[in-house]
1. Report, in debye and to the nearest 20, how large the dipole of segment 4-237 comes out about its Cα centre when Lys and Arg carry +1 and Asp and Glu carry -1 on their Cβ.
2. Determine the calculated [θ] at 222 nm for the chain from helices alone, applying -39500 (n - 2.57) to every DSSP H run no shorter than 4 residues and normalising by the residue count; nearest 500 deg cm²/dmol.
3. In the chain, what percent of the accessible surface is made up of carbon and sulfur (1.4 Å probe, ligands and nucleic acids excluded)?
4. Using the Cβ atoms and a cut-off under 9 Å, what net charge is assigned to the surroundings of Asp231, where Lys and Arg are +1 and Asp and Glu are -1?
5. If we count every other residue with Cβ under 14 angstrom of Pro43's Cβ, Lys/Arg +1 and Asp/Glu -1, where does the sum land?
6. With a 1.4 Å probe and all protein chains kept in place, how much accessible area does Met185 have, in Å² rounded to the nearest 10?
7. Leaving ligands, DNA and RNA out of it, rank Met191, Met154 by accessible area with a 1.4 Å probe, largest first.
8. Where does segment 78-141 land on Rg(C-alpha)/(2.2 N^0.38 Å)?
Amino acid sequence: MLHTRILIADTAEQAGKLAADEFEAVIAKKPAAVIGLATGSTPLPLYRELIAREKAGKIDFSKVRSANLDEYKGLAPDHEQSYRKFMQDNLLSHISIKPENTIVPLGLAEDIEKMCQEYEEKIESWGGVDCQLLGIGHDGHIGFNEPEDHFPAMTHEVKLTEMTINANKRFFDSIDDVPRAAITMGIGTIMAAKKIVMIVTGADKKEILKKTFWGPVDPQVPASILQFHPDVTLICDKAAYPFD
Ligand code: GLP
């Protein structure tokens with residue numbers, strides 16, 4: 001809790017606008033900023049706002065680079081439920097960012113370890129992530145870093161927990177279609193970002209939000225490590241904020 005700045009919005013829509021202010025400021029200061037992006041329903045209001053702000057001439061994405069947190073193992077980039085497709089549909093295809101300046105882990109890589117290594121190297125060659133966006137899973141996962149007995153450092157393959165598979169089944173035809181594994185930036189990769197913006201909205205996230213920032217730092221609640229990051233902005237809506 002030492003360094004966390006907290007902004008409380010009335011609604012999820014407004015939380016998206018507050019998050020857009022953060023990204024707008026980062027890009028205004030550094031037009032070739034490296035932004036870390038996330039999937040899930042939480043960032044959608046932010047992405048809509050970023051698209052609108054570029055159309056209104058307030059942000060210019062033409063020099064920005066983006067690195068996504070994670071991808072399902074085994075899904076092709078153009079698969080309906082792949083995170084690459086999600087990013088194209090909800091943000092990247094609608095802004096002026098150059099396709100070659102956007103990276104998402106490759107779910108179909110033959111040599112996953114090599115791909116993970118190259119992913120880290122690419123981010124490093126860009127000078128690291130300037131501003132990383134995060135959502136949170138109900139078990140406290142960030143990216144796809146699930147509860148474990150340690151904090152994994154680098155981009156790596158993970159097995160998804162039953163809770164995450166269940167939470168994400170709403171996007172697939174049946175639970176059997178949900179991939180059981182994924183590739184995710186590590187906790188170390190995330191913590192290396194210069195600035196972190198986490199958005200948490202909805203009453204169903206209240207309990208995990210409380211554990212994350214007001215409980216002990218514990219790898220069983222992966223997001224709790226954020227208490228040790230020097231520049232975190234937590235943006236939540238009233239429904240998710242754990243205190244009255
Ligand atoms: C997935 C993603 C996470 C995301 C989480 C929560 O598991 N890998 O990055 O934060 O879902 O998603 P939602 O925002 O839809 O609750």
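1. 840
2. -9000 deg cm²/dmol
3. 53
4. For residues surrounding Asp231, the net value is +3.
5. Summing Lys and Arg as +1 and Asp and Glu as -1 gives -3.
6. 0
7. Final ranking, largest accessible area leading: Met154, Met191.
8. 1.26
The values are calculated or read from the model by the stated rules, or taken from the named source; none is laboratory data. These numbers come from a predicted model, not from an experiment. Don't worry about glycine lacking a Cβ; one is built from the backbone with ideal geometry, like all the others, and counts go over all protein chains shown. Areas reflect the complete protein model, heavy atoms only, side chains present, ligands, DNA and RNA absent. Shrake-Rupley method; radii C 1.70, N 1.55, O 1.52, S 1.80 Å.
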